[in-house]
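Heads up: the structure comes next, in structure tokens.
Every number here is computed from the coordinates shown, using simple stated rules; none is lab data. Every value quoted in this text rests on a predicted model; they were computed, and no experiment measured them. As a convention, Cβ positions derive from the backbone with ideal geometry for all residues, glycine included, and neighbour counts pool all protein chains shown.
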Amino acid sequence: MSTFQIGQRYISEQEPELGVGRVQKIEFKNITIEFPAVKQSRIYRTTAAPIKRYLLSVGENAKNEKGMSFTVENICMDNGLAIYLGRGGREMKESDLSPKAAPRVSDIFSQLIRGNCADNKEFVRRETANELSCEWQRSSVRGMIGPRVNLIPHQYYLCRRACTSSAIPRLMLSDEVGLGKTIEAGMIWHSLRSTGRITRTLILVPESLKHQWMTEMYRRFNHVFTLVDEGYIRSFLESGMHESDNPNPFNQANDVICTIEFVMSQPAVTQDFLSAEWDLTIVDEAHHLVCEDDFTSKEYLLVNSITTRTKGLLLLTGTPLQLQPESHFNRLKMLDPARFTAYQEFLKDEESYRKIVRDLSKLPVESEEPMTWDDLNEVLPKNSPIREWLSKENSREMTAAEWVRRIVDALGTGSVVFRNTRRSVGGFPKRELYEVELKPVPQYRTLVEKASEADPDHSFDILVDGLLITKYKSTWNMDERIPWLLGFLKEHLKDKVLLICEHPDVVNALASVLAEEIGENAYVTFTEDMSILARDRAAASFADERGPMLMIASEIGSEGRNFQFSHDLILFDLPLDAALVEQRIGRLDRIGQTQTIRVHVPYVKGSAQEVIFRWYNEGLGAFGAPLMSGGELFLKYTETLIAAMADPKHKLSKFMKETIPLVQKDSEMLRKNIEKGRDKLLEFNSRDPQVSKQITDEIRNIDADERLQNLMIDTLMAAGVEVEKGYVPTSMIFRAGSQVEGGTIPGLPTRTMLDKTLAAGPKDGSEKSDDGAGELTGTFDRTVAMQHDEISFLSFEHPLAQGVIDMATASGKGLTACVIWDDAGSKDMLMQYNFVVEPSVPAAWGLSSLAGPAFIRVLVDSQGKDCSDRLDAMDKGKMRNANVPQKVPVVTEKLRYFASTGHALAKRIATQKMEAIAAESAKKVEERAEQEYQRMNHLLTLRGKAQNSALLDHLRKNVALHKKAALNPQLRLDSIRLLVCR
């Protein structure tokens, strides 16, 4: 009887498509084996398990989940576990092997000789899947194809810049509000994860943004993060863990979202948080990390404590960089402590850099045309110190634009800070304010005042929102804004209208009133009390031309949804947080919006509503142009503003005469300072129209390639999945058939996955237990997916596409085939050998686009001739399945030839092709590593810190190390097909 050990690898004899399993648990007479490739487990009896040990032999390829592979030269055993040894001291434990079993050459030919052949369609599916998979892994846009986002150039350029370095990025994303920092951070995460460079990710956000991030990562990037909060901790402890086990909740999932408030709420949670380690940490609203003038915020202390426990770090802030300069420096220090060491030195460097910016101020940095060396020479003052540097740049090995970027990186903050502005990016619509002053209803105003006095805890909310925020339903129709809203909707029967208010209670009150007045079918609601799936349905209904013309949303309506088809925005109330006002308008005021945005703001004259309106309109000028930073002015005038809102009857007039002019002056000064302090070179460094176009053009070409779509439909239908046209053109519904066991189709929604997506919503049982499980509606059309949140965007990087690739290339699927080639034009036997070139370059290096896997096909006839020039004709030929004749000497002899001499010939041909591929890959890898070294050497030289640099030594070693790895890929026979020519 076999002695089972944790970590041993096995293959199921009955279900070889599960891949290579790993012994996970041993309990008395039962063993549990997990199959990571399909994310399933099986429990077997130890005495009669239909499994066989998966052990490699000398000469076979050992490959782990991180992409490293080598040829096995020796094997040793350690406590029942195999350890595979390779050249140069490389070793790999059995437990670390890739979960995808590579077919053995002997098994492949044995199957063919025995006549155990797959259907030709299955063979072709395997061939196509391997070919597409290799193309995707070598693509320069791998990781950027799958996100459900518009092809906005500056976002793709930023992602490319962040992910091409050999190090995991540590950056500050500081684009202006509305330019998509959340999307940029998500794209960087997705690219790093898709290429296997990161495994564990933490997203740290304010309490108000946790659901937005959960939704964004699911909707745009097809990934469900774990929200670690009070409820998660409670359910985690109740699941069977004992205190003696001392489990760290932050280590139970690889992708975690949590709030700063929750982490700081309990010492035990804080301790667990600080002990976890991450590959990438994303911190939103990073301007709250304040360390300035002898004041250090708790948020800063918390994040600063984990900067050494995360490889990569992304700080997101839309606040202009000139504000809070010392805090800005300390945030930069989190990203690069080696460079940013002392604040006073930083200020001196910034002053020197500003002189350089002035010298280069006339450069055409906002032009879409490539910058030239002549541009530099023409605009540079004769006495500028830059001329000395320019004269030394005689090689012209880099472009003028690259030289300027290096100046920004070396002497400014361009190596760690990216900032795009609406002005530099362009493509935004105009805004028009429609001020709606409403006459107060005395009786209703009296009721509002009484209700406010009776409920001190919610007094301020009642003054702003009226009785709509209370349970006094009989008074809701009295609100002055209701008649105006009804009249407005009658005048805009053919217009999609988005109404946003701060509190979900107001949404529900409006829904109740409108249901009686215009009917429930005339509107949809959108609040945080709804699950993600319910919000998706509401958004889809609103987007439908035949659907409701009105959406009533709480603040979560500003969560990042694309409502560009609407041009009318009603701000039913105004929050005190200026950033929320800008976020609301940003739902419509987006890149690509084709029409002017009409912003409607109703308010009751002489009320708190008028005070806050005057604050934003006359004071901050928030409705006509983007509000850069209203938070600082709010802090300055908080007491005056709140006092006027609390008692508008007596204080509004004084507020308008004395305070508003001061706010106007400060606001204008702030805007001027922000514009004056614009670092146009930093903005230039944050975008590159030419590179962006190359990226987006390649993605468009991939989007238009129909091979993946055909493979997915064919593979899924063969697996019992029903495929039918969806209700939206180009969409399809994939539904598990009655014979398909739940969870066996990787990428189709399962109950567990749906439960996790519903976790962000209410626990009221409103969602059916099996609603959506085993079914997915998707489209391969990016435009359609952007218009319909409820429809998945299917690409190479969607879980269902990855699942199809795994299904089609699973162990035992399509390994061998025998066909009759009816229109071959000659009578003979040919053998097709399909090889996969597996790189020896670890995924962590981020070089898969230069040295990724490749697919090689070789065609050999029975006389030992290379017939690979007939592959194209073969692909177009008429094929039909055939059985391999058994006990026919001439056939048996030829099969033995193809298994030995023919295979050796095919392998020799494939090896020559592999060596050519490897040489080209090594050249590109060496160039990339050399460029990274030269760039850093240039930057450190400009800073005067190149001598004895440990970083340069490391990068120099990388050049040789990376080249050597790229030159040593492994060749693996994947499948064969016998062709009988007619």
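Other residues lying with their Cβ under 11 Å from the Cβ of ASP229 contribute a combined charge of -1, Lys and Arg counting +1, Asp and Glu -1. What is the mean projected area of the alpha carbon convex hull for segment 451-499, to one decimal in square nanometres? Its average projected convex-hull area is 4.1 nm². Output the pairs from LYS100/LYS311; LYS382/LYS693; LYS181/LYS672 with a Cα-Cα distance over 31 Å in this structure; if there are none, say none. Violating the 31 Å limit, Cα to Cα: LYS382/LYS693. In a DSSP loop and with at most 16 other Cβ atoms within 10 Å, the trypsin sites (Lys or Arg not before Pro) in segment 281-378 are LYS362. Think of it as helices only: each DSSP H run of n ≥ 4 in the chain is worth -39500 (n - 2.57), and spread over all residues that comes to -12500 deg cm²/dmol at 222 nm. Working note: Cα gyration tensor of segment 9-63, eigenvalues times five, square-rooted, sorted largest first, giving semi-axes of 20, 13, 10 Å.
Counting other Cβ atoms within 10 Å as a rough exposure proxy, the listed residues GLU432, GLU632, GLU582 run GLU432, GLU632, GLU582 from fewest neighbours to most.
For segment 36-171, a Kirkwood radius taken over Cα pairs fed into Stokes-Einstein (10 °C, viscosity 1.306 mPa s) yields D = 82 µm²/s.
Electrostatic tally near MET92: other residues with Cβ closer than 11 Å to its Cβ, Lys and Arg +1, Asp and Glu -1, net 0. Considering only Cα atoms, the convex hull volume of segment 902-957 works out to 60 Å³ per residue. In order along segment 186-200, phi translates into HN-Hα couplings of x, 5, 4, 4, 5, 5, 5, 6, 5, 8, x, 8, 9, 10, 9 Hz, rounded to whole numbers, per the Karplus curve 6.51 cos²θ - 1.76 cosθ + 1.60 with θ = phi - 60° and x for Gly and Pro. Its Cα gyration tensor gives the chain an equivalent ellipsoid, and the semi-axes of that ellipsoid, as √(5λ) in whole Å with the largest first, are 55, 36, 27.
Using a cutoff of 8 angstrom between alpha carbon atoms and counting only pairs six or more residues apart, the relative contact order for the chain works out to 16 percent. Across segment 700-713, rounded Karplus estimates of 3J(HN,Hα) from the backbone phi angles (6.51 cos²θ - 1.76 cosθ + 1.60, θ = phi - 60°) give 4, 5, 5, 4, 7, 6, 8, 4, 5, 4, 5, 5, 5, 4 Hz, Gly and Pro being marked x. Structure note, pairs LYS813/LYS865; LYS473/LYS649; LYS121/LYS876: Cα-Cα distances above 19 angstrom occur for LYS813/LYS865; LYS473/LYS649. Using 0.36 nm per residue and subtracting the Cα-Cα separation, the extra length available between GLU545 and ASP119 on full extension is 148.8 nm. Average projection, convex hull of the Cα set of segment 9-102: 6.2 square nanometres. Kirkwood-type hydrodynamic radius, segment 430-669: 18.4 Å, calculated from all non-identical alpha-carbon pairs. Taking a straight Cα-Cα cut-off under 16 Å and skipping sequence neighbours fewer than 8 places away in the same chain, the aspartates and glutamates within cross-link reach of LYS651 are GLU449, GLU610, GLU639. Counting Lys and Arg as +1 and Asp and Glu as -1 over every other residue whose Cβ lies under 15 Å from the Cβ of GLU378, the net charge comes to -1. Across segment 173-181, rounded Karplus estimates of 3J(HN,Hα) from the backbone phi angles (6.51 cos²θ - 1.76 cosθ + 1.60, θ = phi - 60°) give 9, 10, 4, 4, 3, x, 9, x, 5 Hz, Gly and Pro being marked x.
With a/c under 1.5 counting as rounded, go ahead and sort segment 657-727 into rounded, prolate or oblate using the C-alpha gyration tensor (a ≥ b ≥ c being the square roots of the eigenvalues; past the cut-off, prolate if a/b is larger than b/c, else oblate). The shape class here is oblate. Within straight-line reach of LYS923, meaning a Cα separation under 22 Å, sit the following lysines at least 8 residues removed in sequence or on another chain: LYS913, LYS957, LYS963, LYS964.
Kirkwood radius and radius of gyration were both taken over the C-alpha atoms of segment 925-982, and their ratio Rg/Rh is 1.47. Computing FRET efficiency as 1/(1 + (r/R0)^6) for SER275 and ARG982, where r is the C-beta to C-beta distance and R0 is 56 Å, gives about 0.20.
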